[in-house]
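Read through the structure below, which is laid out as structure tokens, and then see the notes.
The values are calculated or read from the model by the stated rules, or taken from the named source; none is laboratory data. Please read all numbers here as calculations on a predicted model, not as lab measurements. Don't worry about glycine lacking a Cβ; one is built from the backbone with ideal geometry, like all the others, and counts go over all protein chains shown.
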Amino acid sequence: MQSVSVTSTPIHYFVEIERTALALGPTLLEENDQPVAVLLPISDYQTFTRWQEEQPPLPSPIPSDFAAEVEAFEHLKPTLLERYGGQVVAIYQGRVIATGDDKMAVLGKVLDEYGPVHCYIEWVDANSPRRARITSAWVKR
Amino acid sequence: MNSYDSRHQPSAPVLNVTAASVVNRRRRRSLSALLDTGSDITAIPHGLVDSLQLYPVGQLQLESVEASTRAVLTYAIQLTIGELSIPRLEVILTGLDFVVVGRDVLNRLYLLLNGPEQNFDLRTTSFFAAPIVE
């Protein structure tokens, strides 16, 4: 990628670029050998924005309290395997608050007893979390 | 009988379902849903996390058609599809704008796909009458 040096004041950048430079593709703008920005030909920019629009929305971030329960589950796993192996457990505030043999039934117990608390519900199994397959393919038209 | 949806190419069995919060059932949304026997698990659009105020309850390893695997969070919803209402169903999220109904739900129903005539039937009871025992 070609590069061009810029000069600056506290408020403005100044760049002098030949008209023909844009035809050569992206131009890296540098100040004191540090990259500041990239100048794109409009066709490259339009390609980029089209690509950006096609990206799926970002998944929601993992809530920190949920992540803490997952971490507690992993930490407790050796003990859980001994005591609850083959069962489902709900972990809340780092401890087991419900058990059963069906994840949604365990969620029901938690909702009944504790309300909508952020817990982690998982099978106590050496290979958990379980694997699910989406073998379908959608053709984008 | 429901008609196939020609917005999918090839056309596909699609019908409306209702997804609701398991905590507050007044939080609900009616959405278009693709019946997908290739999916182990049902998926709902990302936007429902905010509109139904869902929170994660678990996670699983999701394997795609390319056989690549990644960890995803799971959520619980109440799902109503045809005459069937499932009070608590574990689902994953999809970037698609429709629900993908997997075999976790379809295996609780009788589904008759009539591809040549572009229609399908979905029931909670068998299509075949029980034999009369005399």
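Would it be correct to say that residue B:36 is at the interface with chain A (Cβ under 9 Å from one of its Cβ atoms), surrounded by fewer than 16 Cβ atoms within 10 Å (Cβ to Cβ) and of a type in the set (Asp, Glu)? Criteria not met by residue B:36. Exactly one residue out of B:43, B:71 is at negative phi and more than 11 Å from the chain's Cα centre (by Cα), and it is B:71.
Does at least one position in region A:31-41 carry a residue that is over 31 Å from the mean Cα position of the chain (by Cα) and in contact (Cβ under 8 Å) with a residue 12 or more places away in the chain? Yes: region A:31-41 contains one or more residues that are over 31 Å from the mean Cα position of the chain (by Cα) and in contact (Cβ under 8 Å) with a residue 12 or more places away in the chain. Looking at region B:42-56, is at least one residue within 11 Å of chain A (Cβ to nearest Cβ), closer than 24 Å to residue A:120 by Cβ and touching a Cys at 6+ places or on another chain (Cβ under 9 Å)? Scanning region B:42-56 turns up no residue that is within 11 Å of chain A (Cβ to nearest Cβ), closer than 24 Å to residue A:120 by Cβ and touching a Cys at 6+ places or on another chain (Cβ under 9 Å). Comparison of B:79, B:111, B:93, B:106 shows that the only residue that is farther than 22 Å from residue B:21 by Cα and either more than 12 Å from chain A (Cβ to nearest Cβ) or touching a residue at least 24 places away in the same chain (Cβ under 8 Å) (or both) is B:111. Candidates in region A:115-138 are the residues that are more than 7 Å from chain B (Cβ to nearest Cβ) and more than 18 Å from residue A:70 (Cβ to Cβ); of these, the one that is modelled with the lowest pLDDT is A:138. Taking the conditions (1) among the hydroxyl-bearing types (Ser, Thr, Tyr); (2) within 16 Å of residue B:29 (Cβ to Cβ); (3) not in a strand (DSSP E or B) in turn, residue B:125 satisfies each one other than (2).
Residues in region A:94-108 that are crowded, with 16+ Cβ neighbours inside 10 Å and either in contact (Cβ under 8 Å) with a residue 40 or more places away in the chain or assigned to a helix (DSSP H, G or I) (or both): A:103, A:104, A:106, A:107, A:108. Going by the conditions given, is residue A:79 polar (S, T, N, Q) and not in a helix (DSSP H, G or I)? For residue A:79, the condition - polar (S, T, N, Q) and not in a helix (DSSP H, G or I) - is not met.
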